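Colleague: Dropping the structure in here first, questions after.
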Amino acid sequence: MGEDDSERLAELLRELQKCKQGGSGTLPMDFRVKLRAMARKHLPHNSALRIGLDSEDLAHDGIAQLIDNVDRFRGKTLPEFFAFVKSVVGQQAARQARWQTVRHAELRSHDDAADYAAEDRTPSVSVADRENLQQLMTLVEALEESYREPMLMQLRGKSNEEIAEALGIRVDLVRKRLSRALHTLRGQFGQ
């Protein structure tokens, strides 16, 4: 492995560690492009996974998983690192496939999901719900504007089509922004 490859690997690992520690690590553009290409290979145009997921979402989820699991990388070379990245993206694709085939079908089979959510409300549950809602709204307000606006509109009960029309963007872009906003919120909620 050349010195450039060693430096490149060290830089990638350093930036991923910064991200993991909550810092503002920045992944180089060429790395993100390579990750997107890996994600596209896991989601060919005829893949059933494309129904609820696109390669951008898979790449974004892959980066999140890579950040969470960077400490597990034991290799020493750039090719070993990219094999590790490919494995992480593959695991994300497999996780999504399992969710779509098992959980999604299970949820669709229930006539009324609200029946399962109904429970007796206690004062402590109500207080916890209000605290969670307050934390959620604080996190939503901190999102980048391109993610915050669609999320606020969705929380107000607007459909993806209504959000797209109001913002003057395509519906698929609304879905992507909402997906990324939710991913960001999931990572921050409860911290």
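The values are calculated or read from the model by the stated rules, or taken from the named source; none is laboratory data. What you see is a predicted model, and the numbers here were worked out from it, not measured in a lab. Counting neighbours? That spans all protein chains shown, and the Cβs are built from the backbone with ideal geometry, glycine included.
Colleague: Can you name the residue in the stretch 152-191 that is of a type in the set (D, E, K, R) and within 15 Å of the chain's Cα centre (by Cα) and, of all such residues, is surrounded by the most Cβ atoms within 10 Å (Cβ to Cβ)? Walk me through how you get there before you give the answer.
Modeller: To start, the set of residues in the stretch 152-191 that are of a type in the set (D, E, K, R) comprises 156, 158, 161-162, 165, 170, 172, 175-177, 180, 186.
Remaining after also requiring within 15 Å of the chain's Cα centre (by Cα): 175-177, 180, 186.
Working: Arg175: 17, Lys176: 18, Arg177: 23, Arg180: 20, Arg186: 11.
Looking at residues that are of a type in the set (D, E, K, R) and within 15 Å of the chain's Cα centre (by Cα), I get Arg177.
Colleague: Is one or more of the residues making up the stretch 30-43 at pLDDT below 75 and part of a loop (DSSP other than H, G, I, E, B)?
Modeller: yes
Colleague: Hey, which of the helices (runs of 4 or more DSSP H) in the stretch 133-191, taking only ones fully inside, have at least 2 residues that are acidic (Asp, Glu), outside the structural domain of Ile63 (by TED's automatic domain parsing) and free of Cβ contacts under 8 Å to residues at least 12 places away in the same chain? Before you say what the answer is, go through the steps one by one.
Modeller: Working: elements: 145-155, 160-167, 171-188.
The helices (runs of 4 or more DSSP H) meeting that bar are 160-167.
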